[in-house]
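Have a look at the structure below before the remarks.
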Amino acid sequence: MKSVSLISLISLVSIAAAQLQPPRPQDNLYLHVNSAWLDATAMPADRVSHSAFSEITDRTETDLRAIIEQLAATSPAPGTPARQIVDLYTSVADPKYVEALGATPLRAELDRIEAMRTMRDVAAEAGRLSQFAVGGPFEGSVGVDPRNPSRLVVRLSQGGNLLPDREYYLSDTAAFVELRRKYEHYLVTIFTLAGRPDPAAGAKAALAVETALARGEWAPTAAAPEPPARALTLTRMAVEFPGFDWQGWARPQGVDRVEDILVLHPSYFATLSKLTQSVPIDSWKAWLAARHITALAPYLSAPFVDARFEFFGRELTGQAAPREHWKRGVGLVNTYLGDAIGRLYAQQRFPAGAERRVEALGATIVAAFKDAIRASDWMSVAAKNEAVAKLSALSIKIGAPSRWRDYGALVVKADDLLGNIQRAKMFDTAYRMQRVSAPLDRREWNTTPQTANAFYNPSQNEIVLPAAILQAPLYDAAADDAANYGGIGAIIGHELAHAFDSRGRYVDSRGLSRDWWKPEDVAGFSARASGLVAQFNAYQPIDGIRVDGVRTFQENLGDLIGLSIAHRAYRLSLKGRPAPVVGGVTGDQRLLLRWAGIWRTKTRDDYQRHQLYSSTYAPAEYRANGPASNVEAFYEAFGVREGDQMFRPPNMRIKIW
């Protein structure tokens, strides 16, 4: 046996200790902050990604479950919101009766699909199923009319496919070819379970229709901005996109009563028009049956639930286990009785004083943004004035709405899961169409208090910060301002950035749709933005797969501006006073450390791959490090120098505002 010298042992121990140490912030800010969490945190079996945001969601779901169980213990009276909540939750969390039904709940609709003989029948059936959020072959929604921000309008956009992105249908790489084979196997499985004749032929036909639709989808490129939407009447749509019975599709939902429809991605609808005249009716039957069965599968017996999970969960994203029944129950209550449970959540869980503190922080973010715009060296005077006017008109909604939705007309039964889902979806469809015919109520929120996210609504020029997002590490009542500016402050800055990016420029301070940038503004912005695209294009989280800097551009830009403005706002909040040093850590350091901490994320490899091909968000490490490497405060706070891994030469650091 060879002897080992004491010096050698010490060297080995030193090397091992160094390997356990997180990298310096100068080399990798994200891993410097998050290495310990990444090492200690296990990926939940029912998640494909686990992050600070999902930790907040988990805590919120636990809080909601407690509220529901408290309601159940009181045996609430029939017809009350409390009884609706308890009954909907019970129908999901304890669905024993569903197993005995098998494929029976599908039978009536599948018979209707099989009876279709013409494209007129297909359009009518797709329209009827759209009441249950099943239809297609496009996506429908209701939103503010960009031509008149005081009213809502029906919007149609490309869609109609079950796989996440057009590349899943069109790419000839081995991974996608294999995924399509597994998808076809999934379709065979559900057609067999449903008792549909010739499942293999039906699966091939459905996949062929989806592939043809995918070829017609608009795909973002650096050179081709998203095509403008067109406002068309149903009569005009029949002329421009013949072959699809637009009146027949619209009638079941009440869309035939609207003045006009906003059509996004018009070229997609031109492709659809051609397909209606060339694809056999039996193929459309298989396509619609696949959508219908897939939509209802989570609420059917175990074989359907398992088949859906095995492909869309395990194969597509790497998810190891389905969500527990209680979590699915909370999710359904959130989806269909969101305001009813959200009102109770806000009353019980929204921390006292949070609204005032976040309101003050938000006001400082807005003031800092105004200063940054006025100091811009690339914007024209006219664009600066409009941007400042837009900031002055901004509203920030915090916590919970002042007006709550009434669910009194919705019938909920504890022993009718599928019926509850269908009635709830029809109730939502009717509600949306009622809103189209009524004046816009700006007190309404487009989300619920228990949503762990933040939003910028361009048509109403507002930021929404639900109660659930105001939790650590994003907002911490016990933390100092530096940490909260690096957390929720940067999130507010990110959302606000969307008001002034290459899309926000098309909505002015009154919410009207118009381009308020001059050619020189476009040129100045593009010169800076191109560097951000190139920076993110260079990141390669998986061998052979890079981040798409074009697809992720808007969100990368939001992150960069959000961090920059948050730091500027923090300095503004000090009012000339020196930032306090806490435990040897400066204010700027605390802000940047919290910024990196909010992005802590573990992701399954399959889901990471899926996200790289389809998501508008870059992987978390690059969301933390990419913006920081462009912000001068990062270099000053940590003494970053040439040779450090996060160093970028001054002439390559991207600054918008």
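The values are calculated or read from the model by the stated rules, or taken from the named source; none is laboratory data. Small disclaimer: the values here were computed from a predicted structure and weren't measured. Neighbour counts are summed over all protein chains in view; Cβ atoms, including those assigned to glycine, are modelled from backbone coordinates with ideal geometry.
List of remarks:
- Residue list for the range 236-247, filter: farther than 15 Å from residue 156 by Cα and assigned to a helix (DSSP H, G or I): 239
- Looking across the range 216-270, the residues that are in contact (Cβ under 8 Å) with a residue 24 or more places away in the chain and among the β-branched types (Val, Ile, Thr) come down to 221, 233, 255, 258, 261, 263.
- Scanning the range 283-291 for any residue that is assigned to a loop (DSSP other than H, G, I, E, B), in contact with an Asp or Glu (Cβ under 8 Å, 6 or more places away or on another chain) and either within 16 Å of residue 136 (Cα to Cα) or not assigned by TED's automatic domain parsing to the domain that holds residue 209 (or both) turns up nothing.
- Among the numbered conditions (1) surrounded by fewer than 18 Cβ atoms within 10 Å (Cβ to Cβ); (2) under 16 Å from residue 212 (Cα atoms), the only one that residue 118 does not meet is (2).
Condition check ((1) among the aromatic types (Phe, Trp, Tyr); (2) farther than 30 Å from residue 542 by Cβ; (3) surrounded by fewer than 21 Cβ atoms within 10 Å (Cβ to Cβ)) across all residues:
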| site | (1), (2), (3) |
| --- | --- |
| 585 | no, yes, yes |
| 592 | no, no, no |
| 603 | no, no, no |
| 606 | no, no, yes |
| 609 | no, no, yes |
| 616 | no, no, yes |
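- Test: residue in the range 444-456 that is assigned to a strand (DSSP E or B), out of contact with any Leu (no Cβ under 7 Å at 6 or more places or on another chain), under 22 Å from residue 393 (Cβ atoms) and among the polar types (S, T, N, Q): no
- Condition met for residue 304 (surrounded by 19 or more Cβ atoms within 10 Å (Cβ to Cβ), under 30 Å from residue 92 (Cβ atoms), modelled with pLDDT of 95 or more and touching a Pro at 6+ places or on another chain (Cβ under 9 Å)): yes
- Every residue from the range 102-147 that is farther than 28 Å from residue 306 by Cα and over 31 Å from the mean Cα position of the chain (by Cα): 115, 116, 117, 118, 119, 120, 121
- All of 209, 122 fail the test of being in contact with a helix residue (DSSP H, G or I) (Cβ under 6 Å, 6 or more places away or on another chain), closer than 28 Å to residue 427 by Cβ and assigned to a helix (DSSP H, G or I), apart from 122.
- Positions within the range 50-76 being among the β-branched types (Val, Ile, Thr) and either closer than 30 Å to residue 597 by Cβ or without any contact (Cβ under 8 Å) to a residue 24 or more places away in the chain (or both), in sequence order: 56, 57, 60, 62, 67, 74
- Checking 278, 273 one by one, the residue that is without any contact (Cβ under 8 Å) to a residue 40 or more places away in the chain, surrounded by fewer than 20 Cβ atoms within 10 Å (Cβ to Cβ), assigned by TED's automatic domain parsing to the domain that holds residue 155 and not in a helix (DSSP H, G or I) is 278 and no other.
- The residues of the range 496-522 that are buried (at least 23 other Cβ atoms within 10 Å of the Cβ) and part of a helix (DSSP H, G or I), listed by number, are 496, 497.
- Where residue 461 falls short, out of the listed (1) more than 23 Å from the chain's Cα centre (by Cα); (2) on the phi > 0 side of the Ramachandran plot: (1)
- When residue 196 is tested against (1) assigned to a loop (DSSP other than H, G, I, E, B); (2) surrounded by fewer than 21 Cβ atoms within 10 Å (Cβ to Cβ), exactly one condition is not met: (2).
- Taken as a whole, the condition of being at pLDDT below 95, surrounded by fewer than 17 Cβ atoms within 10 Å (Cβ to Cβ) and of a type in the set (Gly, Ala, Ser) applies to residue 267.
- Contacts under 8 angstrom Cβ, first residue in the range 348-362 being outside any helix (DSSP H, G or I), partner among the small types (Gly, Ala, Ser), 6 or more apart: 350/399; 350/400; 350/467; 351/477; 353/477
- Residues in the range 229-242 that are modelled with pLDDT under 95 and either in contact with a helix residue (DSSP H, G or I) (Cβ under 7 Å, 6 or more places away or on another chain) or under 23 Å from residue 167 (Cα atoms) (or both): 1 in all.
- Odd one out for residue 79 among (1) more than 25 Å from residue 602 (Cα to Cα); (2) free of Cβ contacts under 8 Å to residues at least 60 places away in the same chain: (2)
- For the range 39-59, the condition of being assigned to a helix (DSSP H, G or I), closer than 30 Å to residue 589 by Cβ and touching a Pro at 6+ places or on another chain (Cβ under 7 Å) holds for at least one residue.
- Close pairs from the range 640-651: first crowded, with 17+ Cβ neighbours inside 10 Å, partner outside any loop (DSSP other than H, G, I, E, B) and among the aliphatic types (A, V, I, L, M), Cβ under 9 Å, at least 6 apart: 646/29; 646/628
- Tallying residues that are within 19 Å of residue 372 (Cβ to Cβ) and basic (Lys, Arg) within the range 567-596 yields 3.
- Scanning the range 531-561 for residues that are in contact (Cβ under 8 Å) with a residue 12 or more places away in the chain and among the small types (Gly, Ala, Ser) gives 531, 534, 549, 558.
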